[in-house]
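The values are calculated or read from the model by the stated rules, or taken from the named source; none is laboratory data. Please read these numbers as outputs of a predicted model, since none were measured by experiment. We place every Cβ from the backbone using ideal geometry, glycine too, and count neighbours over all the protein chains shown. All accessible areas refer to the heavy atoms of the entire protein, side chains included, with ligands and DNA or RNA removed. Shrake-Rupley method; radii C 1.70, N 1.55, O 1.52, S 1.80 Å.
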Amino acid sequence: MNNNEVIKHVRGESQFIDDLKLPHDILYGTVLTSEIPHGKIEKIDLGNALSIKGVVQIIDHHDIPGENQIGAIIRDEELLSEGIVKFAGEPILLILSESLDSGREALKEIKVDISPIPAITDPRESFRAGNLIVPPRTFDYGDTDSAWEKCEIVAEGRVESGGQEHFYMETQASLAYPVEKDSVKVLSSTQSPTAVQKTVSGILGIPMNRVEVDVRRLGGGFGGKEDQATPWAAMAALGAYITKRPVKIVLSRSDDIRNTGKRHPFSSDFKIGLDSSGKIIAYEATFYQNCGAYADLSTAILERALFHATNSYYIPNVRVTGISCYTNLPPFTAFRGFGGPQAMFVIESAISKAATEINMSARKIQEMNLLKEGDVFPYGMVTENCNISATWKKLEEKFQVEETYKKIGEFNRKNDHIKKGAAVMPVSFGISFTNKMLNQAGALVHIYTDGSVSVSTGAVEMGQGVNKKMINVAAETLSIPSSRVRVETTNTTRVANTSPTAASSGADLNGMATRSACIGLVKRLRSVAAKSMGVDIDQIKFESGKVFNTGNGQSIMWEELIGKAYAERVSLTSQAYYATPDIYFDKTKERGKPFAYHVFGTALIEAELDVLRGVYKFNRVSIVHDTGKSLDQQTDLGQIEGGFIQGLGWVTVEELLFEEGGKIITGGSSTYKVPDIKFIPDEINVEMMQDLKNPYAVLGSKAVGEPPFMYGIGGYLAVRECLFAAKPDVQLKYDCPLTPEKITISLM
Ligand code: MTE
Ligand code: MOS
């Protein structure tokens, strides 16, 4: 079974916003943004822009009928700047024109005079200046202060991790239509249809029921369209509302890279203490989160970083602090893992450093400290169905980890110009939105009189295969072939008040709601069948598109039953709602059970380095991942491999660079490198552990979207091993991405 979107993508049949046929009166939105990272707008001179043929209107913040505000968690961001700009790429004017070309011409005509204000790009500097979004947060567990003296060795250090461009295939896109009087319909490539609806309602000053948001699919989101699809959709809606003509805004790749936020760079300090056997006694870390110019989702991302500060390890004394720092870079945002990768990179660096100092392999320290059933996380959650050791052991068995390390040692003794290295990377990732409120979902299921089924949920398809999973859940629950089920667009008029499709919980939450809606239908249909066959309800069985009387083996087709139900005036529509039970968190104490469950897995990454040229490659990657009972194996395999490669890119070749003042240097595909087909490891083995069923998600499955990203961190550690094999006294900071340039320099 396939992620059925894929076939359409390959054939070019899938429609994205930029593929849609446009109405004859369409207008194109072109956005004029700040060239300067921080400054005060002194004067805007439109020049001859308005007399260019095709230019219809130029909109600034004065034209906004409602509130000029798009901040989702903290109300700190204007849609169109009112005077102070805080990053290069901040929107100032919206040009509406009948062709894209005339919009671009107008852009050249307009002169914006901005007097610069000193810009800050370093989060530590911003911290010293007191430029924080909210006060720092600390998770404190055990007694760290007194624990240090019990340690045999204490290692300290600093860790840097870079930003990451989402590089989704489809850039930010929206198309807004005026609808009758004072209403709008917005097509948006957003992970958060309700957030778009709410923001458009605020910008236009109209109630939410006059804003309809519809999403067919995204050409990738990866978190980059959780919050940051909203401004472009709001601008399109604003243009449509004001001109009463449809407005389309699709960003060019370079505008998308320049104007939108990415993964947060982190600068962190750590201190780790071990006893002589390698047991971790205490761990301290401080994360300086580079948030960029506006809060966006930063505080939520920082919170998840704190939750994942100890990755897969039990540590009895922990103090981790997170600090959200404003800087004059684009507002950094959600990206697969949502702060988890940054935090895990720090603890893995700490273990690596401790391993060197205690002269023990990092792998041994990792293994010795793995979470066990009943262990407590530093935020008070007790581990349950803890499968981390099971995945670790399975990896060892299936992929001969010990043997691999031995062979690498032998290889390195015999070879000078090529050096090999390996690393093991365990991952434990919490599933649920850390904001409890968001852990809810709805579904609406219709059965039409021909027996075909239509499913609507709040989940957005972005390549992760959630539609295929919803089809499988509905088909399984209704006992009909999956070809009879269709998933509709995600639309705010069909399923309201949706949470973003994010936090890997799209399939979990919407799958539960879909299952529950289908169970409601089955109940009704069972009565219809029992009545029509003249038997008791419990003698009715649904199977493979048929309905059986188990008493005598007689059956009728699903379609026939649906005809009977309709004739009897039994409703063939069902709506259902799901809210994750038993999760809570007390921020005043920083204690609670924020997650429904954890996803576990362990990866072995093997790398080799060409010592003369500083280039490396990955020979073999082996992943044992706890999928629960997979809702769709091909889809999950794709998520595990794709997530891993994206994580590998983050720590190795994807380098996001800004000029001293804050302008982006890596603003296109020629300067920003993402993993390509040649970068993919020669061999990728994925072992899905499906026997460890999960009671907390739909049909025993587990969320899969984000956790595999963090196996990528093992790629960094493996290349580091190669480098140390080449030059044991190499001076190398814990700083990702570990690009070939950095390696070459360190080998000199
Ligand atoms: N896979 C593809 N192909 N495209 C994407 O945009 N986004 C990732 C992950 N996998 C993404 C993806 C992110 S960041 C999340 S949170 C989850 O999918 C969201 O989908 P889910 O909740 O249905 O797993
Ligand atoms: Mo994913 S970063 O939660 O959209």
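Brief remarks follow.
- Near residue 324: Cβ cut-off under 11 Å, other residues only, Lys/Arg at +1 and Asp/Glu at -1. The net charge is -1.
- With both labels modelled 7 Å from their Cα along Cα-to-Cβ, the residue 104 to residue 76 distance reads 3.6 nm.
- For the residue pairs 436/593; 523/546; 394/436; 468/629; 420/733, the alpha carbons lie more than 22 Å apart in 394/436.
- Comparing Cα centroids, the stretch 127-165 and the stretch 623-685 end up 27 angstrom apart.
- Helix-derived mean residue ellipticity, 222 nm - over the chain, DSSP H n ≥ 4, -39500 (n - 2.57), to 500: -9000 deg cm²/dmol
- Portion, in percent, of the accessible area of the stretch 1-102 that falls on carbon or sulfur, probe 1.4 Å: 49
- Hydrodynamic radius (Kirkwood) for the chain, which is based on Cα pairs only, to one decimal in Å: 27.3
- Kirkwood hydrodynamic radius of the stretch 681-723, from inverse mean 1/r over distinct Cα pairs, in Å: 13.0
- DSSP beta bridges fully contained in the stretch 440-579 are about 85 percent antiparallel.
- Peptide packing for 155-163, 354-362 was compared via the average number of neighbouring C-beta atoms within 10 Å per residue; ordered from the highest value, the list is 155-163, 354-362.
- Per residue, in Å², the accessible surface of the stretch 440-579 once ligands and nucleic acids are set aside, probe 1.4 Å: 40
- Dipole in debye (nearest 20) - the chain, about Cα centre, beta carbon charges: Lys, Arg +1; Asp, Glu -1: 1300
- Aspartates and glutamates with Cα under 14 Å of residue 587, excluding same-chain neighbours fewer than 8 positions away: 140, 303
- Solvent-accessible area, 1.4 Å probe, carbon plus sulfur percent, for the stretch 440-579: 48
- Fraction of accessible area attributable to carbon and sulfur, the stretch 607-701 (%, probe 1.4 Å): 50
- Reduced Cα scattering model of the stretch 569-705, Debye log10 I(q)/I(0), q = 0.10, 0.11, 0.14, 0.20 Å⁻¹: -0.58, -0.67, -0.90, -1.15
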